[in-house]
Amino acid sequence: MGFIKKYGIGIAIVLTVIACGKKVKVPREFPQKEEMAQILADVHFAEATLSQSRDLYHSGDNEIPGYYRYVLNKHELTKHDFDTILAWYSAHPHLLKEVYEQTISILSEKEAQFATKPEDEDKKLKQPFKAEQEDLWKGERAYKVTKKDTIDRCLPFTLEVDSLNRGFLRLVALYKFDKGDLLKMAKMRMVAAYADSSADSADYQIEVSFTKKHGNVSLTIPKDKQVVSISGCLLDHDTSEVTNVNIEDVKLLYIPQKEFELK
């Protein structure tokens, strides 16, 4: 997987600049050093996984936070919790140094595990999600969108699903706008409705271009939720004047939680 090769430089820099300080105990409510090392290892693992799957899912750097959200959910932390905890460790360099040393050890062990896998398993690991992903999309794979095809400036979709839980949803498609289109803003929107009547939503701004551009929007399913329906807009735009857009290769991917586990 090359975790150390990819991230070792950054970790080494952190270790280099960390100075010795007066030793203090980690607050009881904070993750202790071993747990903090595992959290940081999960973060680095998610980054490495994203770098391998980026072409497959047509994502960009702006999608990395989605994987961070998965790690935070796994460890039952909010972003504020994580920022607060990391800031505290950063203020105590000797403890952060110990944490990063353990993080490197965890990643090294994980990398060694991959290096000793049989050749056929190694091929699967190089495509981490391909075997387990499920494409939920039931509609057309391609659309020629004109003004009459959108309702309230939205090309809607709705899909009932069978109680999906603990995983990752990603809606992807290719977009090409016709020359002369007056659109200045376009976006994708996905809404996941849960069995408890709550919901989460996410938007992705599509680049208005006369050449094909990828669009994708992602949601992490919280571990205590069950998705019963997915809806949204393949195209949500800002004008009622002219809308001529070609949409291709539409997919709605569900990636089970186990595909992100760092064991």
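Remarks
- Amide H within-cut-off set for residue 166, under 5 Å, with H built and near neighbours excluded: 225
- Convex hull (Cα only) mean projected area of the range 134-260, reported in nm² to one decimal: 7.6 nm²
- Sorted by Cβ density within 10 Å, fewest first, the residues 70, 100: 100, 70
- Counting charges near residue 188 (Lys, Arg +1; Asp, Glu -1) among other residues having Cβ under 9 Å from its Cβ returns a value of 0.
- Across the range 76-89, rounded Karplus estimates of 3J(HN,Hα) from the backbone phi angles (6.51 cos²θ - 1.76 cosθ + 1.60, θ = phi - 60°) give 6, 10, 8, 4, 4, 4, 4, 4, 5, 5, 5, 4, 5, 4 Hz, Gly and Pro being marked x.
- Nearest-20 debye value, the range 134-260 charge dipole, Cβ charges on Lys, Arg, Asp, Glu: 280 debye
- Taking amide H positions as modeled 1.01 Å from N, with prolines and chain starts lacking one, the residues under 5 Å from residue 186 and 5 or more places away or on another chain are 206.
- Of 79/187; 74/110; 148/225; 33/251; 110/187; 74/212, those spanning more than 30 Å from alpha-carbon to alpha-carbon: 148/225; 33/251; 110/187; 74/212
- In terms of packing, defined here as the mean over residues of other Cβ atoms within 10 angstrom, the peptides 26-39, 86-99 line up highest first as 86-99, 26-39.
None of the figures in this text is laboratory data; all of them are computed from the coordinates on show. Treat the numbers as computed from the prediction; the structure is a model and nothing was measured. Here Cβ is always computed from backbone atoms with ideal geometry, including for glycine, and neighbour counts include all displayed protein chains.
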